[in-house]
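S.K.: Once you've had a glance at the structure underneath, I'll fire off some questions.
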Amino acid sequence: MRSYIAAAAAAMTLLLGNAAFAEEPLVIKFSHVVAETTPKGQGALKFKELVEAALPGKVTVEVYPNSSLFGDDKELEALLLGDVQFIAPSLSKFDRFTKKLQVYDLPFMFKNQEAVDKFQNSDVGQSLLGAMTDQDLLGLAYWHNGMKQMSANKELHVPGDAKGLKFRIQASDVLEAQFAALGANPQKMKFSEVYQALQTGVVDGQENTWSNIYSQKFYEVQAAISETNHGVIDYMVVTNATWWNELPDDVRAVLAKSMAEATSYSNGIAAKLNAEAKDKIAAAGKAKILTLTDDELKQWRAAMKPVWDQFAPGIGQDLIDAASAASM
Ligand code: LMR
């Protein structure tokens with residue numbers, strides 16, 4: 001009898017233990033490198049809000065902005081190791097995993113953000129979300145930031161003005177070729193180091209969106225920003241495919257729905273946040289904003305165009321044609 005009671009008590013302890021364990025919330029980490037006020041920063045916070053409202057006490061989403069958990073040199077590895085569950089690197093940072101996404105980096109590929117959006121929502125654009133699943137990286141959504149502008153410690157009106165200057169670039173071979181085509185010296189560098197590199201003269205210039213130029217204070221340490229709109233910085237929200245597929249169905253469904261809603265939200269405010277950032281940079285009166293003439297823009301386009309031929313074999317002409325069609 002005594003041993004029966006002991007066994008029952010042990011079973012009860014085990015059960016209660018399991019129940020307590022089952023009530024532990026699932027902690028999901030979302031790491032990114034930009035400020036919380038940017039489109040990506042806001043999108044990540046919206047995702048957290050939606051998931052936690054739908055699964056109270058069951059799932060917690062911890063958002064780490066500003067490279068506070070992983071910088072962009074480490075975040076992809078961390079995702080594959082399971083140290084973080086969501087990241088949203090810029091499309092330029094997947095070079096090591098697929099050449100297909102290089103299509104987004106080709107200079108002057110998209111005439112504006114609407115064209116980028118159109119391509120991303122096309123069948124071809126959507127299929128690229130799955131381009132890295134063989135390496136356990138699953139793309140869940142595209143998030144917008146905006147078109148890139150070029151800044152430097154001197155005024156850049158025509159391509160020749162960039163000659164000989166050192167430019168910080170993201171880890172992308174296309175961007176490296178783009179600056180080499182200008183006779184400039186590109187340097188791959190993680191985002192968290194750019195401000196200091198500009199301030200101390202390690203590099204002379206950089207390319208980025210208004211939102212990043214404002215929130216990282218690059219405008220304080222640059223003489224001028226040329227409104228080139230020569231490329232795009234958008235993101236792919238990626239997760240670890242194995243982790244995602246092993247989630248309980250109900251949790252995965254909520255995460256997918258919340259991701260879709262956070263995507264609409266973030267993409268809906270990106271243009272406004274960039275326009276506001278541009279206005280604030282203008283009002284600060286530190287870096288001069290240069291509007292280029294059609295003729296000057298034509299020169300930038302011509303100087304960078306050889307990059308297309310260089311990367312077409314790796315990207316695939318079909319993909320280049322499909323992306324080009326979005327600007328027609
Ligand atoms: C950069 O490295 O300049 C950007 O990709 C940062 C970001 O995530 O917007």
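S.K.: Taking the Cα atoms only, what angle lies between the long axis of helix 306-315 and the longest principal axis of the chain, rounded to 10 degrees?
M.R.: Rounded to the nearest ten degrees, it is 30.
S.K.: Now for a separate question. Within 10 Å, count the other beta carbons around each residue, average over each peptide in 61-69, 130-138, and list them highest first.
M.R.: 61-69, 130-138
S.K.: So what is the 222 nm mean residue ellipticity for the chain from helices alone, if each DSSP H run of at least 4 adds -39500 (n - 2.57) and you divide by all residues, rounding to the nearest 500 deg cm²/dmol?
M.R.: That comes out to -14500 deg cm²/dmol.
S.K.: Next question. Rounded to the nearest 20 debye, what is the charge dipole size of the range 119-174 about its Cα centre when +1 sits on each Lys and Arg Cβ and -1 on each Asp and Glu Cβ?
M.R.: Dipole magnitude for the range 119-174 comes out near 440 debye.
S.K.: If amide H atoms are built 1.01 Å from N in the plane of the peptide, which residues on other chains or at least 5 residues away come under 5 Å of the amide H of W143?
M.R.: When sequence neighbours closer than 5 places are left aside, the close amide H contacts are Y235, M236, V237.
S.K.: Quote the charge dipole size of the range 187-317 about the Cα centre in Debye, to the nearest 20; the model charges only the Cβ of Lys and Arg (+1) and of Asp and Glu (-1).
M.R.: 240
S.K.: Separate question: DSSP beta bridges in the chain, what fraction antiparallel, as a percent rounded to 5?
M.R.: 50
S.K.: Net charge within 15 Å of F119 by Cβ-Cβ distance, Lys/Arg positive one each and Asp/Glu negative one each, not counting F119 itself?
M.R.: For residues surrounding F119, the net value is -4.
S.K.: Residue farthest toward the positive end of the dipole of the chain, with Cβ of Lys/Arg at +1 and Asp/Glu at -1: which of Y265, L80, P248?
M.R.: Result: Y265.
S.K.: Calculate one ³J(HN,Hα) per residue across the range 37-44 by plugging θ = phi - 60° into the Karplus curve 6.51 cos²θ - 1.76 cosθ + 1.60, and present them in order as whole Hz with x for glycine and proline.
M.R.: 7, 7, x, 5, x, 5, x, 5
S.K.: Assigning unit charges at the beta carbon (Lys, Arg +1; Asp, Glu -1) and nothing else, what dipole magnitude in debye, to the nearest 20, does the chain show about its Cα centre?
M.R.: 500
S.K.: Residue separation times 0.36 nm, minus the C-alpha to C-alpha distance between Q317 and K217: what's the value?
M.R.: Result: 32.2 nm gained on full extension.
S.K.: Keeping all protein chains in place and using 1.4 angstrom, which order do D204, D123, D73 fall into by accessible surface area, from largest down?
M.R.: Solvent-accessible surface, decreasing: D123, D73, D204.
S.K.: Measure nothing but the geometry: give the 0 to 90° angle between the long axis through the Cα atoms of 249-284 and the longest principal axis through the Cα atoms of the chain, rounded to 10°.
M.R.: The angle comes out near 30 degrees.
S.K.: Between A171 and residues 5 or more places away or on another chain, which pairs have amide H atoms under 5 Å apart, with H built 1.01 Å from N, and which residues are they?
M.R.: Residues meeting the amide H criterion: M189.
S.K.: Using protein chains only and a probe of 1.4 angstrom, how many square angstrom of E276 are accessible, to the nearest 10?
M.R.: Its accessible surface works out to 70 Å², give or take rounding.
S.K.: Separate question: Residue by residue through the range 177-182, what is 3J(HN,Hα) from phi via Karplus (6.51 cos²θ - 1.76 cosθ + 1.60, θ = phi - 60°)? Round to whole Hz and write x for glycine and proline.
M.R.: 5, 4, 6, 5, 4, 8
S.K.: Length gain on complete extension for the stretch S327 to T37, per 0.36 nm per residue less the alpha carbon to alpha carbon distance?
M.R.: Answer, rounded to one decimal: 101.5 nm.
S.K.: Now, a different point. Normalised by the number of residues in the range 18-132, what is the relative contact order in percent for Cα pairs under 8 Å and 6+ residues apart?
M.R.: For the range 18-132, the relative contact order is 25 percent.
S.K.: Quick check for you: which residues of the range 275-302 have the amide N under 19 Å from the point 7 Å beyond the Cα of Y195 toward its beta carbon?
M.R.: Flagged as within label range: 277-288.
S.K.: What are the residues whose amide H is under 5 Å from the amide H of L26, where those residues sit 5 or more places off or on another chain and H is modelled from the backbone?
M.R.: V59, T60
S.K.: Taking the simple approach of a point 7 Å from Cα along Cα-to-Cβ for both D279 and D249, what is their distance in nm?
M.R.: 4.9
S.K.: How large is ³J(HN,Hα) for each residue in the range 136-143, as worked out from phi by the Karplus curve 6.51 cos²θ - 1.76 cosθ + 1.60 (θ = phi - 60°), to whole Hz, x for Gly and Pro?
M.R.: 6, 9, 10, x, 9, 6, 9, 10
S.K.: Averaging sequence separations of C-alpha pairs under 8 Å and six or more residues apart, then dividing by the length of the chain, give the relative contact order as a whole percent.
M.R.: 25
S.K.: Report the gain in length on full extension from L81 to K305: 0.36 nm times residue separation, minus Cα-Cα distance, nm rounded to one decimal.
M.R.: 76.8 nm
The values are calculated or read from the model by the stated rules, or taken from the named source; none is laboratory data. In this text the structure is predicted, and so the values were computed from the model without any measurement. Glycine also receives a Cβ, built like all others from the backbone with ideal geometry; neighbour counts cover every protein chain displayed. What goes into the accessible areas is simple: the full protein's heavy atoms, side chains included, and nothing from ligands, DNA or RNA. Shrake-Rupley method; radii C 1.70, N 1.55, O 1.52, S 1.80 Å.
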